[in-house]
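A.B. asks: Provided herewith is a single structure, encoded as structure tokens, for subsequent inquiry.
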């Protein structure tokens, strides 16, 4: 029986009129919840990070009810979870490498030297070394997204939450990023638990995602 | 008939609400010093140093120019006018009260507000418009820790340091202006005799308080926007106007308290 990494219980969202949303994401798996703009799937990532509190129901992350957390506990919890927001959210006045380094500098006990080493590895893995000193406005959309992925996984979190992560990307680039976020394979499955929300997903990525939830016509459909 | 009363009432209520929101923001900013995570101190210190570079070091030439021109104009006129009635010893008190204690902190803070306050408000408003606040929160980084606290601290320290610089430059520019009517020894003698411990104390406290006012109001207006790009210039304008009005009111309160 796999550990439950993320559980939504009776969450009210516009896409499910008659019932609350209840679903589970198992540890070491990747899961998507897809739905139209009006379905309300885009708030699930923020519920899972306690950035928003649901009006009803609760969200459990590794068994802990995060809606009960104090602000400082919520901030400390988020420093252990990778997050890629829909609008990427890179700081416009920092270079790509400084953006990637930020969660390491703020949320880890690593020394400057260790952070630099980790940074070099991440930038090389995401193929950003040549543009690392440029600011977000001076690089392509794909490079911005790569930098946001590097920032989300730089401190090696066990859970990564992504909102519309592959929007506007080629299938090949999307597949590459998904593999980096999964972080390799272990006997239990992927090394990290990956939770993706959004409108759609490139079809070729589906085999690399263990659980697919879709909200359509007022119902939650699941496919594994 | 009651419309003007209602309009005045609404204005007063808005002002009280604004002051309340500013007070809460100030308390949260001070509390951010306590809650800043150990790992984040290095990054916050780096942002603070960078902001001091923009706010203090890049402003030094401007402070030197403004302070020396102002002091030269006031003291050269005073030497001429007071010399006619044989009262040049009052130049010392004039220099200390008008320039060192009143105009020095006031003009320095106004300059910091118009130069850095607008930039801080615009930068924080841009952070908000571009979804960077949400991203910071999502990474577990409190925007107060990373964006507000270092900028607030840098503006306080910069305004304090620039006020001291303004006054020192003014003292020496005053000397140049006074040399047409008295010797350097006489000038320093009457200026230093006029300078009391209270004058120095009030000037330094003003530097800190006015810096806190500019830092606080600028960050407050930058973060107050709802997230539309059109609000960025409005935030900048509100930051500079609000800061200058608050500095002038503060200056008046200092005068009332010292009477």
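We did not get these values from a lab; they are worked out from the coordinates using the rules stated. Keep in mind that what you see is a predicted model, and the values were worked out from it rather than measured. Because the Cβ atoms are built from the backbone with ideal geometry, glycine has one as well, and the counts that use them run over all protein chains shown.
A.B. asks: Give me the percent relative contact order of region B:57-258, please, defined on Cα pairs under 8 angstrom at least 6 residues apart. Each step should come with its number before you reach the end.
C.D. replies: Details: 257 pairs, mean separation 76.8, N = 202.
Computed value for region B:57-258: 38 percent relative contact order.
A.B. asks: Using DSSP, restrict attention to beta bridges with both residues in the protein assembly as shown and report what percent are antiparallel, rounded to the nearest 5.
C.D. replies: Values: 18 of 37 bridges.
For the protein assembly as shown, the DSSP antiparallel bridge percentage is about 50.
A.B. asks: Please identify, among B:219, B:87, B:122, the residue showing maximal mean-square fluctuation in a Gaussian network model of chain B using a 10 angstrom Cα cutoff.
C.D. replies: B:87
A.B. asks: What does the structure give for B:127-135 when I average, per residue, the other chain Cβ atoms found within 10 Å of the residue Cβ?
C.D. replies: Details: counts 4, 0, 1, 8, 6, 11, 1, 8, 13.
Mean partner-chain Cβ count within 10 Å for B:127-135: 6.
A.B. asks: Let me ask something else about it. With everything on Cα atoms, drop me the angle between helix A:96-107 and the longest principal axis of chain A, reported from 0 to 90° to the nearest 10.
C.D. replies: Roughly 70 degrees, rounded to the nearest 10.
A.B. asks: While we're looking at this one, here's another question. So what's the angle, to the nearest 10 degrees on a 0 to 90 scale, between helix B:231-258 and the longest Cα principal axis of chain B?
C.D. replies: The two axes meet at around 50 degrees.
A.B. asks: How high is the relative contact order of region A:92-156, given as a whole-number percent (alpha carbon pairs under 8 Å, six or more residues apart)? All intermediate terms of the calculation are to be shown ahead of the outcome.
C.D. replies: Working: 65 pairs, mean separation 34.2, N = 65.
Computed value for region A:92-156: 53 percent relative contact order.
A.B. asks: What are the extents of the Cα atoms of chain B along their three principal axes, in Å, largest first?
C.D. replies: The Cα atoms of chain B stretch 68, 60, 31 Å along the principal axes, largest first.
A.B. asks: Using alpha carbons only, how many angstrom separate the centre of region B:195-259 from the centre of region B:1-60?
C.D. replies: 10 Å
A.B. asks: Which percentage, to the nearest 5, of the DSSP beta bridges contained in chain A is antiparallel?
C.D. replies: Expressed as a percentage, antiparallel bridges in chain A total about 50.
A.B. asks: From the helices alone, meaning DSSP H stretches of at least four residues, give me the mean residue ellipticity at 222 nm for chain A, per-run term -39500 (n - 2.57), in deg cm²/dmol to the nearest 500. Don't skip to the end; give the middle numbers.
C.D. replies: Working: 6 runs with 64 residues, N = 224.
So the helix-based figure for chain A works out to -8500 deg cm²/dmol.
A.B. asks: If I fit a long axis through the Cα atoms of helix A:112-125 and take the longest principal axis of the Cα atoms of chain A, what angle between them do I get, 0 to 90°, rounded to 10?
C.D. replies: Computed tilt is about 70 degrees.
A.B. asks: Which one of A:142, A:112, A:176 has the biggest mean-square fluctuation once chain A is modelled by GNM with Cα springs under 10 Å?
C.D. replies: A:112
A.B. asks: Okay, moving on. Restricting to DSSP H runs of at least four residues, report the calculated mean residue ellipticity at 222 nm for chain B, -39500 (n - 2.57) per run over all residues, nearest 500 deg cm²/dmol.
C.D. replies: Values: 11 runs with 203 residues, N = 259.
After summing the helix terms and dividing by the residues of chain B, the value is -26500 deg cm²/dmol.
A.B. asks: Moving on. Based on alpha-carbon centroids, what's the gap between region A:66-80 and region A:170-224 in Å, whole number please?
C.D. replies: Distance between centres, Cα-based: 26 Å.
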